[in-house]
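*Asks:* Questions regarding the structure given below will be posed in turn.
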Number of protein chains: 2
Amino acid sequence: MSKPRAKLTDNFPGCPVESTLSFLDGKWKGVILYHLLEDGTLRFNELRRRIPSVTQRMLTKQLRELEEAGLVERTVFPVVPPRVDYKLTPLGLSLEPVIAALRLWGKEHVICENGRKYMVMPEAKTPSKAA
Amino acid sequence: MSKPRAKLTDNFPGCPVESTLSFLDGKWKGVILYHLLEDGTLRFNELRRRIPSVTQRMLTKQLRELEEAGLVERTVFPVVPPRVDYKLTPLGLSLEPVIAALRLWGKEHVICENGRKYMVMPEAKTPSKAA
DNA sequence: CGGCATCCCGAGGGATACTG
DNA sequence: CAGTATCCCTCGGGATGCCG
């Protein structure tokens, strides 16, 4: 709801880019959004399982920030073993093209393996034979 | 060139998103890329002027990281007043859809004003009267 | 003009332990 | 199950000053 949630960005042509990125800021927001887009609704530990190297502290924090930003909706069920669902709000869902673009570029240009990243150059010059 | 420039990402479905975001990490990479996409080639101070609140230290750092990542090419002209040009590499240019998506979402959902950001909700429920 | 070098601070974020 | 609460430390990043 139009909170002045500002992080001092430039009021300049590139600003929309800056602004959008500021919502994806933090180490895990992108992946969280990705999984919520994929699976619709997820419980806390379901998310954890999908993002193995996140700690519960960080997952909680990032989810709260996403919630505050109005991108994620948190639903608490008052049941014996606590149950909390996370899903995207309409605003969160509107990020789908952004996440899709990020994902596509990653799939095309980055090899993710054993927690390492390797760049994949576009113009494969294949100097003589690929390494 | 396939340097193991890793920042420990998850080897999981969301990984491409993570990976791509890791290249946009840092406070200014997104905007820098945006402006280089817009203008093609820019000198150091031309970039500074387009990103008023960046310090030269930070601009330098982020440019170096983009260069190391293979997204930006730096050309030094050995002339009396030093001249350095920055432009995108083919790999950098390939990020165009990503930046475009970021920019579009920002333009549609964020109002950037006086260094503040205001969210623009999609479903204007106007409960009774907007606050 | 286009940088480095240095100092310094606070936020980001990991590890661990406890709780309703 | 889904968190809080602490501790602690790295490092992102601003400010300032000097240089070829």
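*Asks:* Look at the axis of the rotation that sends chain B onto chain A, then give the chain B residue with the nearest Cβ and the distance in whole Å.
*Replies:* Axis relating chain B to chain A; nearest Cβ residue and distance: B:ALA101, 2.
*Asks:* OK, next. Using θ = phi - 60° and the Karplus form 6.51 cos²θ - 1.76 cosθ + 1.60, what ³J(HN,Hα) does each residue of region A:23-33 get, whole Hz, x for Gly and Pro?
*Replies:* 7, 8, 5, x, 6, 10, 4, x, 5, 4, 4
*Asks:* Can you work out the Karplus-derived ³J(HN,Hα) for every residue in region A:51-61? Use 6.51 cos²θ - 1.76 cosθ + 1.60 with θ = phi - 60°, whole Hz, and x for glycine or proline.
*Replies:* 10, x, 8, 8, 8, 5, 4, 5, 4, 4, 4
*Asks:* Add +1 for every Lys or Arg and -1 for every Asp or Glu among the other residues with Cβ under 10 Å from the Cβ of A:LYS87, and state the total.
*Replies:* Net charge in that neighbourhood comes out at -2.
*Asks:* Here's a follow-up. When Lys and Arg each count +1 and Asp and Glu each count -1, what net charge do the other residues less than 13 Å away from B:ARG103, Cβ to Cβ, add up to?
*Replies:* On the way: positive: B:LYS107; negative: A:GLU18, B:GLU38, B:GLU96, B:GLU108.
Around B:ARG103, the charge tally is -3.
*Asks:* If we count other beta carbons within 10 Å of each Cβ, what is the order of A:ILE51, A:ILE32, fewest first?
*Replies:* Working: A:ILE51 23, A:ILE32 28.
By the 10 Å Cβ count, ascending, the order reads A:ILE51, A:ILE32.
*Asks:* A further question on this structure: Roughly how big is region B:11-83's charge dipole about its Cα centre, with Cβ charges of +1 (Lys, Arg) and -1 (Asp, Glu), in debye to the nearest 20?
*Replies:* 440
*Asks:* How high is the FRET efficiency from A:ASP39 to B:ARG64, r the C-beta distance, R0 30 Å, rounded to 0.05?
*Replies:* Plugging the Cβ-Cβ distance into 1/(1 + (r/R0)^6) gives 0.20.
*Asks:* By count of other Cβ within 10 Å, fewest leading, how are A:LYS27, A:LYS61 ordered? Write down the numbers at each step before the final one.
*Replies:* Working: A:LYS27 19, A:LYS61 15.
Lowest to highest Cβ neighbour count: A:LYS61, A:LYS27.
*Asks:* Amide H of A:VAL72: which non-local residues (sequence gap of 5 or more, or other chain) have their own amide H closer than 5 Å, using H built in the peptide plane?
*Replies:* For A:VAL72, the qualifying residues are A:GLU67, A:THR89.
*Asks:* In addition: Once you put a point 7 Å from the Cα of B:VAL84 and another 7 Å from the Cα of B:LYS107, both along the Cβ direction, what distance in nm separates them?
*Replies:* Distance between the two pseudo-spin positions: 3.1 nm.
*Asks:* For A:ARG64, A:ARG50, B:ARG103, B:ARG57, which order do you get if you count the other beta carbons within 10 Å of each Cβ and list the fewest first?
*Replies:* B:ARG57, A:ARG64, A:ARG50, B:ARG103
*Asks:* Can you list the copy-to-copy distances for A:VAL84, using a point 7 angstrom from Cα toward Cβ, in nanometres, shortest first?
*Replies:* Here the equivalent label points are 4.5 nm apart from this one.
*Asks:* Using Cα-Cα distances under 8 Å and only pairs 6 or more residues apart, what relative contact order does region A:11-104 have, in percent?
*Replies:* 29
Throughout, read-outs are computed from the coordinates displayed, never taken from laboratory work. Quantities reported herein were computed from a predicted structural model and do not represent experimental measurements. Reconstructed Cβ throughout: ideal geometry from the backbone, glycine too, with neighbour counts over all protein chains shown.
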